[in-house]
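The structure appears right after this line, and notes come after that.
The values are calculated or read from the model by the stated rules, or taken from the named source; none is laboratory data. Quantities reported herein were computed from a predicted structural model and do not represent experimental measurements. Cβ placement follows ideal geometry from the backbone for every residue including glycine, while neighbour counts extend to all protein chains displayed. Note: accessible area is taken over every heavy atom of the protein model, side chains too, but ligands, DNA and RNA are not part of it. Shrake-Rupley method; radii C 1.70, N 1.55, O 1.52, S 1.80 Å.
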Amino acid sequence: QGTRDHAPAQAALRDRLLSAVVSCFKRHGAAAIDTPVLELRETLMGKYGEDTKLIYELQDQGGELLALRYDLTVPFARYLAMNKVNNMKRYHVAKVYRRDNPATTRGRYREFYQCDFDIAGQFDPMIPDAECLKIVHEILSDLQLGDFVIKVNDRRILNGVFAVCGVPESKFIPACSTVDKLDKMPWEEVRSEMVGEKGLSPEAADRIGEYVQLHGGLDLIEQLLQDPKLSQNKLAKEGLGDMKLLFEYLALFGITGKVSFDLSLARGLDYYTGVIFEAVLLQQENEHVEEPVSVGSVAGGGRYDGLVGMFDPKGRKVPCVGVSIGIERIFSILEQRLEASGEKLRTTETQVLVATPQKHLLAARLKLISELWDAGIKAEMLYKKDPKLLKQLQYCEDTGIPLAAIVGEQELADGVVKLRDVATRKEVRM
């Protein structure tokens, strides 16, 4: 099916992951918004390039053509246009749907969560873009997933490259989606797809190859700014100027060590207009796992200045930049690590089990647990009138509950509760 149930331990892991991501978004001052799962079919069509075929289309009884949302970006742009919102910093964590061939080992599903952060509004160049990259860096560092690199490029630089290599403008987008496959297949295959399927001349493809295999940092940007052909192209020059500025801001954030300016990065979606980026994990090996699991990109995003205008009746533009965290892929990696290490994950956050050592003390347990709940303490008790103390303590060990609050006849007479540390077996009366 390409969708999955989650056992309590998996659900707890996902919950932990999502809350780490959301707390990062909140730290950056983003407000939450929510959009419907269903959109009008025409809202989604023509926004995703070759991936449009993966949209789930539906028809309601009234004959209206609907579709399940494919991502959270297009609905956000539609929301901004409908509500005439000119600037907003938002996050949205929700499920999206793709009629894809699932590859469950690589974290590819037909129904999965996306975690998006976007900044909409007219601001000075590259300041919001740099913050999006900082967020990706923070999240991937916090989650301790191992080494990663954030690849950065700009659609204007790519389009400039295509122009100076002799590609007609009508073939920019098809050429772009082919270049985007460079991380999955060698240049020879990409070149033959460009010539064979996309109708580019072999000379143009060879010239593109000289550029799209380059990657580096500020030094490469400087080198391309001096390039006799590229520096004559208005689009490419603009893009390179902004890229230089972006790297200056990233240096101030102290994250340039993990960022690579990579001309092969294209991102296959039609709506990107400027900076584009993608975070890739460099190693998924684990000494306990015989076959390393490669999950590819774990975050991606970019600038989409024209998307809101597509939905606005007056064509009013709202510049936007955003990032999406591929939580499903990250989840696959962490889940495998957990299995390999044999570590047990707590499925609840219960802090204390209310227990009794003798019979006929259910009333005492109910009164004490009620006080704890009212005080905001996470507490449980066994649903038996007279459970054995050993069974109650065993339950704590099995579920990882750290404390047991014990009330027996002696404790009731003395007006105290015996608090037991389950792991060390130490007890204090209070």
For the chain, the longest principal axis of the Cα atoms and the Cα long axis of helix 327-341 enclose an angle in degrees, to the nearest 10, of 50
The stretch 200-233 and the stretch 12-69 have their Cα centres apart by a whole-number Å value of 36
HN-Hα couplings for the stretch 222-236 via Karplus (6.51, -1.76, 1.60; θ = phi - 60°), in whole Hz with x for Gly/Pro, come out as 4, 4, 6, 5, 8, 4, x, 7, 4, 5, 8, 8, 4, 4, 4
Ordering 208-217, 94-103, 257-266 by per-residue average of other C-beta atoms within 10 angstrom, highest first, gives 257-266, 208-217, 94-103
With Cα coordinates, the longest principal axis of the chain makes an angle with the long axis of helix 155-164, in degrees rounded to 10, of 20
The helix 202-212 Cα axis meets the longest alpha-carbon principal axis of the chain at an angle in degrees, between 0 and 90 and rounded to 10, of 50
So, with points 7 Å from each Cα along the Cβ direction, the residue 314-residue 413 label distance in nm works out to 8.3
SASA check, residue 73, accessible area w/ 1.4 Å probe, all protein chains in place, rounded to nearest 10 Å², comes out at 20
Dividing the surface of the Cα convex hull of the stretch 352-429 by four yields a projected area in nm² of 4.7
The stretch 352-429 accessible area per residue, 1.4 Å probe, protein heavy atoms, integer Å², reads 63
Unit-weight point scatterers at every alpha-carbon of the stretch 302-350, Debye formula, q = 0.16, 0.30 1/Å: log10 I(q)/I(0) is -0.63, -1.02
The ³J(HN,Hα) series, computed from each phi in the stretch 123-134 with the Karplus coefficients 6.51, -1.76 and 1.60 at θ = phi - 60°, rounded to the nearest Hz and given as x for glycine or proline, is 10, 5, x, 6, 6, x, 4, 5, 5, 4, 5, 4
From DSSP H assignment alone, runs of 4+ in the chain each adding -39500 (n - 2.57), the sum over residues rounded to the nearest 500 puts [θ] at 222 nm at -12000 deg cm²/dmol
Rounded to one decimal in nm, the spacing of the 7 Å Cα→Cβ label points at residue 226 and residue 421 is 6.5
Eigenvalues of the alpha-carbon gyration tensor of the stretch 1-147, times 5 and square-rooted, give semi-axes in Å, largest first, of 26, 24, 14
tail above 24 Å in the computed P(r) of the stretch 221-368, as % of all Cα-Cα pairs, reads 60
Pairs over 19 Å Cα to Cα, from 151/244; 378/418; 95/378; 47/258, come to 95/378; 47/258
Reported to the nearest 10 Å², residue 82 has, with a 1.4 Å probe, an accessible area equal to 130
Order by accessible surface, 1.4 Å probe, largest leading, for residues 187, 373 comes to 373, 187
Carbon/sulfur accessible area of the chain, % of total, 1.4 Å probe, equals 51
Log entry: pair-distance distribution for the stretch 159-211, C-alpha pairs binned every 10 Å from zero, whole % per bin is 28, 65, 7
For the stretch 8-341, inverting the pair-averaged 1/r of distinct alpha-carbon atoms gives a Kirkwood value in Å of 20.8
A correct Karplus calculation of ³J(HN,Hα) over the stretch 185-198, with 6.51 cos²θ - 1.76 cosθ + 1.60, θ = phi - 60°, whole Hz and x for Gly and Pro, returns 9, x, 3, 4, 5, 4, 4, 5, 5, 4, 7, x, 9, 9
Within the stretch 387-430, DSSP-loop trypsin sites (Lys or Arg not before Pro) with at most 14 other C-beta atoms within 10 Å are 388, 425, 426
For residue 355, the residues 5 or more places away or on another chain with a placed amide H closer than 5 Å to its own amide H are 405, 406, 407
